[in-house]
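S.K.: I have a structure I would like to understand better, so I am pasting it below and will then ask my questions one at a time.
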Amino acid sequence: MNWTVGCTKNLMLQVGDMLIKIHAHIVKHASFEILLGQPFRRTALCRIEDLPSSEVEVSVCDPTNITRRVYVPTWPHIGHTMAVKMLSIINLASPPLCPEQVLMPHKFPSPPPADPTILILKYKQVDKKVQPVPTTLPKEYQTVCCIPKDPHLSLPPLPTHLPDFTPGEHLSQERLNKLWLNCDNFLWPKELKLVQNVLKVNKRALA
């Protein structure tokens, strides 16, 4: 909704005891401290899983060791908003880590306690999801396709002596004029009457 102030490239973000470089877009007014979108989830191979116990498990992949995943603790948010989880992330206002800490992961400081202003919203809990049930559709809602052997047998017969066009409920004179059926005088007068008659007879097929 607002213009960004700028972009901080290669910002070191700490998740648990792991560091990840991100590009942070800065805005003046936001209802969150940090918003992790699809680029972060693709880079960090972030995984959000709904457990059968209605809990949410959040984990990210270590960029230095793709076989290692760091699990972020989550717990339910007590409030009016349903299915809200808190994510513990290091505060970006803290002093940046020195190069020695970046090169030596075992010296990373422990993450601070969870900030109640940082939230993760999920759509619906597992126990409240609607599971499909195999069944049959009632006959009144079924679409029946009947392909005739000869389509011409079900068509109304064309009159030999065509009357002049009279406006109908669907094909009015105004709508007929907008069709410009014979704008280049290609049709004979009888052919033009035949086209008008076919359109009027098939009024239910006109959009």
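S.K.: Determine how many Å³ per residue the convex hull of the Cα atoms of the range 139-205 encloses.
M.R.: Values: hull volume 9.8 nm³, N = 67.
Once divided by residue count, the hull of the range 139-205 is 146 Å³.
S.K.: Next up: To the nearest 0.05, what FRET efficiency results for TRP180 and CYS145 with a Förster distance of 35 Å applied to their C-beta separation? Working shown, then result.
M.R.: Details: r = 34 Å, r/R0 = 0.99.
The calculated FRET efficiency here is 0.50.
S.K.: Can you list the HN-Hα couplings for the range 61-67, worked out from phi with the Karplus curve (6.51, -1.76, 1.60; θ = phi - 60°), rounded to whole Hz and with x for Gly and Pro?
M.R.: 9, 6, x, 7, 8, 5, 7
S.K.: Neighbour counts of other C-beta atoms within 10 Å: give me LEU155, LEU194 arranged from fewest to most. Before the final figure, lay out each step's value.
M.R.: Numbers: LEU155 12, LEU194 15.
In order of increasing Cβ crowding within 10 Å: LEU155, LEU194.
S.K.: Still on this structure, please answer the following. Which order results if CYS7, CYS61 are arranged by neighbouring Cβ count within 10 Å, fewest first? Let's see the in-between values first.
M.R.: Values: CYS7 10, CYS61 18.
With the sparsest Cβ surroundings first, the list reads CYS7, CYS61.
S.K.: Taking other Cβ within 10 Å of each residue's Cβ, how do ASP62, ASP17 sort, fewest first? Could you put the intermediate results ahead of the total?
M.R.: Details: ASP62 19, ASP17 14.
With the fewest neighbours first, ASP62, ASP17 line up as ASP17, ASP62.
S.K.: Using the Kirkwood radius built from alpha carbon pairs, what does the Stokes-Einstein equation give as D for the range 7-57 at 10 °C and 1.306 mPa s, in µm² per second? Please list the in-between numbers first.
M.R.: Numbers: Rh = 12.9 Å.
Using the Kirkwood radius from Cα pairs, D works out to 123 µm²/s.
S.K.: If you don't mind, another one. Using the Karplus curve 6.51 cos²θ - 1.76 cosθ + 1.60 with θ = phi - 60°, what ³J(HN,Hα) values do you get for each residue of the range 170-184, in whole Hz, with x for Gly and Pro?
M.R.: 8, 9, 7, 5, 5, 5, 5, 5, 6, 6, 6, 5, 10, 5, 9
Bear in mind these aren't lab numbers, they're just calculated from the coordinates by the rules spelled out. As the structure is a computational prediction, the values presented were derived from the model and not from experiment. Note that we place each Cβ from the backbone using ideal geometry, even for glycine, and neighbour counts take in every protein chain shown.
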